[in-house]
Every structure is written in C-alpha cells, then in structure tokens.
Amino acid sequence: MVEPAFIDLVALLRKSVTTLYSDLVTRPTGRAVRLGIEQQLGSAPGPCVSVIDFSQVGILDFSCADEIVAKLLLRYRAADRPAEAFFFLRGVAEHHREPIDCVLDRHGLLLGAEVRTGERLLLGPASDEVRRLWHGLEELRRATPADLARRLGIAEPAAQAGLAALAGHRAAVQGPAWQYVALGALVSGAAL
C-alpha cells in the first residue's frame, strides 16, 4: 500500500533554518529543506506519496527549486533510491511555476501538481500524448492501458508506452495486473 505523507514546506523551512520568513531562497536553504524532506521519508514505514505543500511559500528562487524539486526527484528516481517514494506538489502558485518548470525541463523530469485553483497538472517536458494519458489516468484514478486507450481513442500500445513513461518518471504508480494508479488518487487515500 502506498500511503500519502504530507510535507508543509514552510514548517520544514522554519524548523530547518530557523527563520520566520516563508521564502525559499538560496541554495543552502533549499538543501536544508530537501534534507529535512529526506529525513521524513526515511521514517516512512513503506512506499509513500510525498505531498509537498507550497501553499504558504512566498518566493521560490531557481536554486531552491533545483535543490527541493529536481535533486529530490533525481535521488528518488534512481535505482539505488533510499526509499520507495513518489512526489506530488500541492498549492503551487503561478509565481512558483517558472522556477519549477525550469528545473524540471533542465533535468528532463515530470511531476504532478495541484495548483492553487485546484486544477491538477503534469509539470515538466512531456509530449501532448503523455499529458493526455496523465490527465486521463487522473480522471479515472486507476486504469489499464486498454482502459485508457478506449477512453482516449488511441492505440493500446501507445497507451502502454505512455503509461510506462509516466511510471518511469514516477508520475504514476504501476500496480498489479498492468493497472496504473494516479498519484492524485493515492493522495486522496485510494488504496493501491
């Protein structure tokens, strides 16, 4: 079972660098926050979806986005990752998007996010077809490649390849019997 783990970035910032501010600026600040997230993940009892909450974050600079978002994703996407963790952002404001999109593009990473309007988006350099598959999976919550192919009117091998790419980026979870599960569904408490 993949459990959600909620991480309040501002609370972690205040604990990690002892500040009263809610701005994520400078690489050392980003590194301290990332290490705090990794420490929390180290105590998770099993696989988890780490929901990183940006809702109270003021400024996010590029160096912090690189430390908190890109380096975290790269470490937990690697074969020798320290824990079985997936990531989903919540409370992302428009002014957070540029630094996050920039670091995801630079490293070729994908990441699901819920922006402040409540809309869920796939961030990073994905093709239109992969974005369509991600949104289709988010709507269905869980699906096989055949389910999504029928729903989206595409060939099943294309759906399989796109879902495998999403799972490889850890933007979806591959469950049993070729069923894929949306991270948004797991964040909402759906069982794998």
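The values are calculated or read from the model by the stated rules, or taken from the named source; none is laboratory data. Here the structure is a predicted model, which is why all the values come from computation and not from measurement. A quick note on method: Cβ atoms are made from the backbone with ideal geometry, for glycine too, and the neighbour counts reach across all protein chains shown.
Table for the structure above
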{"quantity": "Filter result for Ala165 (touching a helix residue (DSSP H, G or I) at 6+ places or on another chain (Cβ under 8 Å), within 17 Å of Arg77 (Cα to Cα) and surrounded by 15 or more Cβ atoms within 10 Å (Cβ to Cβ))", "calculated": "yes"}
{"quantity": "Residue check, Ile37 buried (at least 19 other Cβ atoms within 10 Å of the Cβ), touching a Leu at 6+ places or on another chain (Cβ under 8 Å) and assigned to a strand (DSSP E or B)", "calculated": "no"}
{"quantity": "Checklist (1) touching a residue at least 24 places away in the same chain (Cβ under 8 Å); (2) touching a helix residue (DSSP H, G or I) at 6+ places or on another chain (Cβ under 7 Å) applied to Gly91, failing item", "calculated": "(2)"}
{"quantity": "Number of positions in the stretch 138-168 that are in a loop (DSSP other than H, G, I, E, B) and closer than 21 Å to Pro4 by Cβ", "calculated": "1"}
{"quantity": "Residue within the stretch 124-134 that is among the aromatic types (Phe, Trp, Tyr), part of a helix (DSSP H, G or I) and modelled with pLDDT under 95 present", "calculated": "no"}
{"quantity": "The stretch 141-192, residues that are within 11 Å of Phe86 (Cβ to Cβ) and of a type in the set (D, E, K, R)", "calculated": "Arg170"}
{"quantity": "Members of the stretch 169-183 that are touching a Phe, Trp or Tyr at 6+ places or on another chain (Cβ under 7 Å) and part of a helix (DSSP H, G or I)", "calculated": "Leu183"}
{"quantity": "Meets criteria (assigned to a loop (DSSP other than H, G, I, E, B), of a type outside the set (D, E, K, R) and crowded, with 22+ Cβ neighbours inside 10 Å) for Val57", "calculated": "yes"}
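Each row is one residue, and each column tells you yes or no for (1) touching a Leu at 6+ places or on another chain (Cβ under 8 Å); (2) at pLDDT below 95.
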site: Glu67; (1), (2): no, no
site: Leu73; (1), (2): yes, no
site: Ala79; (1), (2): no, yes
site: Arg97; (1), (2): yes, no
site: Leu137; (1), (2): yes, no
site: Ala146; (1), (2): no, no
